[in-house]
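See below for the structure under consideration.
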Amino acid sequence: MKQNILDLDPQKQRHYIDELLNYSKLVQEKGLISLEGLVKNNGNFLDYCLLLILKKYKEEDLSIVINQKVNSIISYIDSQLNLIVAGVLAVYSQKSEKIVDLTIKSHNYYNTDYTDESYLACCYLLKNWNQSIVEMDKLNLCLSVKQFCLYAQDLFENEINPGDCILLLNQKKMTMLKTLRQTFDIIVMGVISIHLKDETVLTKHKLDCMNHLDLGGKFKKPLKQKKLAIKKGFAVKKEISVEFVLRSLNDDAIQKVLKEINKSDLAMLLSNETNNTKELIYKNMTNDEKNSIKSKIKKDYLSEDIERVQLYFIQSVFQYIEKGNLILSFNE
């Protein structure tokens, strides 16, 4: 697998979003043909996706091809991280070179010389750890693997015992893969939006909605605890509204969220929402549920109470997404 396509940096999510928005503006002004002179086949993931747009795939086919590529990349990096974890334990426990070699081979299905350069670099690193770790940049390893190895070295230097070391490495691996997947998903969402020729402001909303978490899993404060402004009869947050969040979910996801929301709070929420928002919610209820909610709606709610339930609703959706209980799947 080409090295460049693996070198995605979750720390640069904002940078990728800005790039996607620039491409979106260009396509809005000059059409998809304008990408031809800008996109280069240099192997990085964003360019790979944009080149697929130029091949004029249908939306569903484009989504399938790109997501298969993402799954392949994540699996590839995961296999390398697993190799590092197993090899590090052997190195850390000061096993013989033969044991280290057998440990590496246990991660090679065919038990033969594997020709992938990145795999060979991992093997070389594990067999020559002390001298290789200081020359990391010279090895043909992707960014995620390099960062992972540096973390392992930090554990070595702090003399963490082998058992705790492996636990920490596995936790680090899961965290890295999760944030890497999130970064890939942001790019995929942006590329699909560009392919659909969405207005740039809609593309921005989609990307900002997916970028609501920092790398530690905490709210970045796009919700920044700023007060929602009441305008034109419905709540508008700087970037994210209840209607937009609902359009970011498919019907199954909306139904899951509605089950967790207090019915009195839901009635208050709907009292000051657009007809489009109400329709997105009502169509995911039974007739009895819909009639019950309508009967609870009052006209004299305080604006701060409405703001509270709106913010709670948006945060609830984001928390479900973070836990993996909901998947973004934009409603038309």
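Computed from the coordinates by the stated procedures, all read-outs in this text should not be read as laboratory data. Fair warning: this is a prediction, and the values are worked out from it, not measured in the lab. Counting neighbours? That spans all protein chains shown, and the Cβs are built from the backbone with ideal geometry, glycine included.
Proximity of backbone amide H atoms, modeled 1.01 Å from N, is registered between Asn140 and no other residue at under 5 Å, excluding neighbours fewer than 5 places apart on the same chain.
Each residue of the range 271-279 is assigned a 3J(HN,Hα), and the resulting list reads 5, 10, 10, 6, 4, 4, 5, 4, 5 Hz, derived from the Karplus form 6.51 cos²θ - 1.76 cosθ + 1.60 (θ = phi - 60°), x at Gly and Pro. In terms of packing, defined here as the mean over residues of other Cβ atoms within 10 angstrom, the peptides 65-75, 191-201 line up highest first as 191-201, 65-75. Sorted from longest to shortest, the spans of the Cα atoms of the range 136-209 along the three principal axes equal 53, 28, 13 Å.
Under 5 Å from the amide H of Leu249 lie the amide H atoms of Ser329, Asn331, each residue being 5 or more positions distant or on a separate chain, with H modelled from the backbone and absent for Pro and chain starts. Exceedance of the 21 Å cut-off in Cα-Cα distance is limited, within the set Lys138/Lys173; Lys146/Lys206; Lys256/Lys283; Lys178/Lys256; Lys25/Lys206, to Lys138/Lys173; Lys146/Lys206; Lys178/Lys256.
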